[in-house]
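The values are calculated or read from the model by the stated rules, or taken from the named source; none is laboratory data. Remember, predicted model here, so these are calculated numbers, not experimental data. Glycine also receives a Cβ, built like all others from the backbone with ideal geometry; neighbour counts cover every protein chain displayed.
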Amino acid sequence: MSVLEIRGLHKAYGGIQALDDADFVIESPGLYGLIGPNGAGKTTLFDVVAGTVQADSGSVRFGGQDITGWPSHRRALGGISRSFQECRVLPEESCLDNVLFAAQPKGLAACMWQAFTRNNAHRRRVTDEAMRLLGLVRLQGHAHTPAAQLSFGQKRLLELVSVFMSSPRLLLLDEPASGVNPALLEVLSDFICTMYAEEARAFLIVEHNMEFIMALASDIIVMHQGKVLERGSPQAVQASPRVLEAYLG
Amino acid sequence: MGEALLEQVINGLMMGSLYVLVALGMVLIYGVMHVVNFAHGVLFTLGGYVGVFCYQHLAPSYPLALLLSIASLAVLGLAIERLVFHPLDGNLRNQVIASLGLILFLENLIIAVWGATALQWKVASTEHLVSIGSLQFSAHHLGIIVITLALVAVLGVFLKYSRFGTAIRATSQSREAAIVVGIPVRRVQRSSFAIGCMLAGLGGGLVGPLFLVFPQMGDVPLVKGLAGILLGGMGSVPGAVVGGMLLGVTESVSTLFLPTDYRDSIAFMVMVLILLFRPQGLFGQRIRGED
Amino acid sequence: MRRIAIVPRALGVLALIGLLTAPVWAAGHPYVLHMLVLSCIVSIAAVGLNLMLGYGGLVSLGHMGFAGLGAYVAAVLMVDARWGFWSALGTAAIASAIAGALIGLICFRFRGHFFMIVTLAFGLLLHAVMNNWDDVTRGAAGLPGVPRPAAWRWGDTVISFGQLPNFYYLALAITLAVFALQYVVVRSDLGRVLGSIRQDERLARARGVNVIVFKTVVFALGSALAGVSGVLQVSFLRVAAPASFNMLESINTVLVVIVGGAGFLVGPAVGALLYVTLPEALRLANEWRLVIFGGLLVIMMLFAPQGIAGLAYTLWQRITGDRSAR
């Protein structure tokens, strides 16, 4: 049973064909890169997989299940977690609360039950794990700082920690390295590797920072003009004349 | 029946003209500053009060009263824009709440200064009668329609053909692009706000002699103006005109079949129905996601 | 994580003691109790709007429409159908909740301005029904003869709610229950989800929140509380009038929540007390109250949008050097 199956996705915005028969399969857990020149359709693909946007045609299967019609919150609850290109965190909440929120139950009945029984056992249990992960990204000292006061790089790290808290099987990371200074970049990639080593999940990472993604991922998918152009190891993709032409042409 | 209908259509055009004046002001401000000025109704009211004050205490000249009313609303509008809306630029919720605060502040200031009872404003044009067919209307009634249509025409020409008018249109389409192109965006914002307030003030000054001048007289026109711009399409100037007139005529004609109590409810229903079935209104583009 | 330190807690206890003993220290001045009852009524509706606006981020400009709905449902049940106060109250709260859920579902399709305008429109519609449906509501003239709750008797003791102190305790008890409910909702997983919707709806969705469901729940709850406030009001004043539930009253409620401090637990209480008692304290004529409040609202939006509770909180943080999140 594959992790993610994209079949024949088409999506047009006005006159622009953002996805034009996009098709690929992610068979097993691993670190996968998704690259391509601007306008290749990477963000649209992410939006379709995450459920923010509905494709015009085609299907998305996750863990063998057809999730094409599922709304985004259902996919999130079903094991797909995503980070955003522009980096989104809850600005008024502390780092710890941000991470705890990502872990807490989101169903209405569960939330109302917790409200009336005042049961904080789950929250306490998760706090230790939350602090451990914050420690891995060197944010444990900011556990009680409002997220709005963090630097952009720190916010990226916080967002990255948050995406793991719901025990996802597929993580969609949208340009996690963009805007992060080189010192924090190492913390970021180390963190991703550590989390992958602790539990084998599928990471699909969109990136423009070639150095970063080629070092991190073992399987690179190249998109161009709305479809998959090439796929292979970082070395193979970097040597491919077709990929070069897509970027330069 | 035909005569009753004609009578209501003309009444409707007159009320519609007042709604258009409010709606036009609101749509100009919305287009350029992306904020709905909920205080527009109370500015309409102030137009009436300044007008009647000038008429009764300065000189019994109706044109002068209207002129002074428009001028003072322009000044007030500039002050409000500079002191309230500009500092809050970018924060929609706070701008709207501040405009609600302005409603309370100004409307109750009017009550505190002028009292809660309505004022009568006797003006010659309301006495002077004009015949259309076998119907009779006061010159004032028809004057409102004529003045509004003339103003709409002037505004239309100004926006379409003049340099500053084009600057206004450009700014309402994209503020960033306007800045890049070198348009004096602040001046455009201040002017549009002032023009919007002047239109509201004119509306108040025109309606004052017709009914009465009272502190709450702008509350209903605010809602009608809102309904008008929703109907016409937020951000569309021709839409505001068509929407306002259409609403006015529909309301008046409806009194032929519905109890007059429900006349005002038509505007509310229009608002809800438009938002449900055609949120972009008649002429607006697809609603930009104001997330 | 919000922690309540010693000093604010002590102040809270003092305030509570003051409220509980009010009929004693205000013995010769019945207008004090009268204003406290009005403050209770205003604060209940304000809690409803605080949940919607302050925590959920939903700026509703038609809140008093739901207060009126509850008020008239109860008034008609009590006057025409001779129902008791408590069953009328319960029914009114449920009616307002259902109306809130249904109307909310329509309104949630819109964002920003459009959401505010459509809530305004529904508030106006509800008011128009109250004002014009003469057969049921008696129209603009109002519906008189709304009774106080029936007296409580056991043995020889009779507690009549026609007496101000007794009604005051009733209103206070309901108000405290409402604030307790606000606390339970806000300091919980439910409250945290609402906060996430307010801060970043798109992010909330990506983390698994079914936004529509939660918005509907908070809108229904807020509207139910507005309804309760309405019922209390018409029973207190013994008359139901449409003018109490018009657009301007909805705007006044927004003022109460914002000035008090939106998104703070005590905000509605602070705002309501200020709104009701300030004119008395400053010995002003009634007209100037709203002039000052309107001006205050504008000034606060410019310089202190977090309201009085927010200002107090920031001040407290400065004094204690506490830089943690709220």
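Summed over segment C:188-208, residues that are within 8 Å of chain A (Cβ to nearest Cβ) and either of a type outside the set (Gly, Ala, Ser) or touching a residue at least 40 places away in the same chain (Cβ under 8 Å) (or both) total 12.
With respect to the numbered conditions (1) more than 18 Å from the chain's Cα centre (by Cα); (2) in a helix (DSSP H, G or I), which one is the sole condition not fulfilled by residue B:183? The number of the failed condition is (2).
Residue pairs whose Cβ atoms lie under 7 Å apart, separated by 6 or more positions or on different chains, with the first residue in segment B:54-79 and closer than 13 Å to residue B:206 by Cβ and the second part of a helix (DSSP H, G or I) and of a type in the set (Val, Ile, Thr), are B:69/B:50.
Kindly indicate the residue of segment B:116-157 that is away from chain C (no Cβ under 14 Å) and among the polar types (S, T, N, Q) and also nearest to residue B:20 (Cα to Cα) among those meeting that condition. I'd like the intermediate steps shown before the answer.
To start, the set of residues in segment B:116-157 that are away from chain C (no Cβ under 14 Å) comprises B:118-157.
Then keep just the ones that are among the polar types (S, T, N, Q); that gives B:120, B:125-126, B:131, B:134, B:136, B:138, B:148.
On the way: B:120: 24, B:125: 21, B:126: 21, B:131: 25, B:134: 28, B:136: 24, B:138: 20, B:148: 8 Å.
Per the criteria, the residue is B:148.
Screening residue B:280 with (1) in a helix (DSSP H, G or I); (2) within 22 Å of residue B:33 (Cα to Cα) gives one miss only, at (1).
Taking the criterion of being touching a residue at least 24 places away in the same chain (Cβ under 8 Å), assigned to a strand (DSSP E or B) and within 30 Å of residue A:211 (Cβ to Cβ), would at least one residue in segment A:127-145 satisfy it? No, segment A:127-145 has no match at all. The C-beta contact set for segment B:91-107 (first residue more than 7 Å from chain C (Cβ to nearest Cβ), second residue surrounded by fewer than 24 Cβ atoms within 10 Å (Cβ to Cβ) and not in a helix (DSSP H, G or I), distance under 6 angstrom, 6+ apart or interchain) comprises B:95/B:35; B:95/B:88.
So if I check each of A:75, A:118, which one is closer than 25 Å to residue C:215 by Cβ, of a type in the set (D, E, K, R) and at the interface with chain C (Cβ under 8 Å from one of its Cβ atoms)? Explain how you work it out, then say what you get.
Values: A:75 fails: at the interface with chain C (Cβ under 8 Å from one of its Cβ atoms).
When all the criteria are applied, what remains is A:118.
Of all residues in segment B:226-283, those that are of a type in the set (Asp, Glu) and either crowded, with 21+ Cβ neighbours inside 10 Å or within 20 Å of residue B:158 (Cβ to Cβ) (or both) total 1.
In segment A:78-101, the residue that is surrounded by the most Cβ atoms within 10 Å (Cβ to Cβ) out of those that are more than 7 Å from every other protein chain (Cβ to nearest Cβ) and assigned to a loop (DSSP other than H, G, I, E, B) is A:89. Candidates B:62, B:19, B:55: the one that is on the phi < 0 side of the Ramachandran plot, in contact with a Gly (Cβ under 6 Å, 6 or more places away or on another chain) and among the aromatic types (Phe, Trp, Tyr) is B:19. Given the criteria within 23 Å of residue C:42 (Cβ to Cβ), in a helix (DSSP H, G or I) and either at pLDDT 95 or above or more than 14 Å from chain B (Cβ to nearest Cβ) (or both), does residue C:161 qualify? The answer is no for residue C:161.
Might you let me know whether segment B:266-286 holds any residue that is out of contact with any strand residue (DSSP E or B) (no Cβ under 8 Å at 6 or more places or on another chain), of a type in the set (A, V, I, L, M, F, W, C) and under 17 Å from residue B:8 (Cα atoms)? Scanning segment B:266-286, I find at least one residue that is out of contact with any strand residue (DSSP E or B) (no Cβ under 8 Å at 6 or more places or on another chain), of a type in the set (A, V, I, L, M, F, W, C) and under 17 Å from residue B:8 (Cα atoms), so the answer is yes.
Starting from residues that are facing chain A (nearest Cβ under 7 Å) and buried (at least 23 other Cβ atoms within 10 Å of the Cβ), keep the ones in segment C:209-227 and report whichever is farthest from the chain's Cα centre (by Cα). Residue satisfying both the conditions and the ranking: C:209. Residue pairs whose Cβ atoms lie under 7 Å apart, separated by 6 or more positions or on different chains, with the first residue in segment A:220-232 and on the phi < 0 side of the Ramachandran plot and in a strand (DSSP E or B) and the second among the basic types (Lys, Arg) and at pLDDT below 90, are A:229/A:242; A:230/A:242.
Report yes if some residue within segment B:22-36 is over 23 Å from residue B:165 (Cα atoms) and either among the aromatic types (Phe, Trp, Tyr) or under 20 Å from the mean Cα position of the chain (by Cα) (or both); otherwise report no. No; the residues of segment B:22-36 include none that is over 23 Å from residue B:165 (Cα atoms) and either among the aromatic types (Phe, Trp, Tyr) or under 20 Å from the mean Cα position of the chain (by Cα) (or both).
Could you grab me the full set of residues in segment A:121-150 that are small (Gly, Ala, Ser) and away from chain C (no Cβ under 11 Å)? Walk me through it before giving the result.
Pass one, segment A:121-150, residues small (Gly, Ala, Ser): A:121, A:130, A:135, A:141, A:143, A:147-148.
Within segment A:121-150, A:121, A:130, A:135, A:141 qualify.
Going through (1) over 18 Å from residue C:53 (Cβ atoms); (2) in a helix (DSSP H, G or I) one by one, residue C:225 falls short only on (1).
Just one residue in the set A:228, A:180 is closer than 22 Å to residue A:28 by Cβ and away from chain C (no Cβ under 14 Å); that residue is A:228.
I'd like the residue in segment A:169-186 that is surrounded by fewer than 21 Cβ atoms within 10 Å (Cβ to Cβ) and not aliphatic (A, V, I, L, M) and, out of all such residues, is modelled with the highest pLDDT. Applying the filter and picking the extreme gives A:169.
In segment B:109-132, the residues that are in contact (Cβ under 8 Å) with a residue 60 or more places away in the chain and of a type in the set (Phe, Trp, Tyr) reach residues that are surrounded by 12 or more Cβ atoms within 10 Å (Cβ to Cβ) and in a strand (DSSP E or B) with C-beta atoms within less than 6 angstrom, at least six apart or across chains, in these pairs: B:121/B:213. Figure legend. Inter-residue proximity from segment A:57-71: first residues in a loop (DSSP other than H, G, I, E, B), second residues at pLDDT below 90 and among the aliphatic types (A, V, I, L, M), beta-carbon distance below 9 Å, spacing 6+ or different chains. Indicated pairs: A:63/A:1; A:64/A:1. Residue count for segment C:244-273 under the criterion of being part of a helix (DSSP H, G or I), under 22 Å from residue C:71 (Cβ atoms) and at the interface with chain B (Cβ under 10 Å from one of its Cβ atoms): the result is 8.
What helices (runs of 4 or more DSSP H), lying completely within segment C:54-138, carry at least 1 residues that are more than 14 Å from chain B (Cβ to nearest Cβ) and without any contact (Cβ under 8 Å) to a residue 40 or more places away in the chain? Before you say what the answer is, go through the steps one by one.
On the way: elements: C:63-79, C:85-107, C:112-132, C:134-137.
Filter on segment C:54-138 gives C:63-79, C:85-107.
Filtering segment C:307-326 down to residues that are of a type in the set (Val, Ile, Thr) and either modelled with pLDDT of 80 or more or touching a Leu at 6+ places or on another chain (Cβ under 8 Å) (or both), which residue is farthest from residue A:95 (Cα to Cα)? Checked segment C:307-326; the qualifying residue farthest from residue A:95 (Cα to Cα) is C:308.
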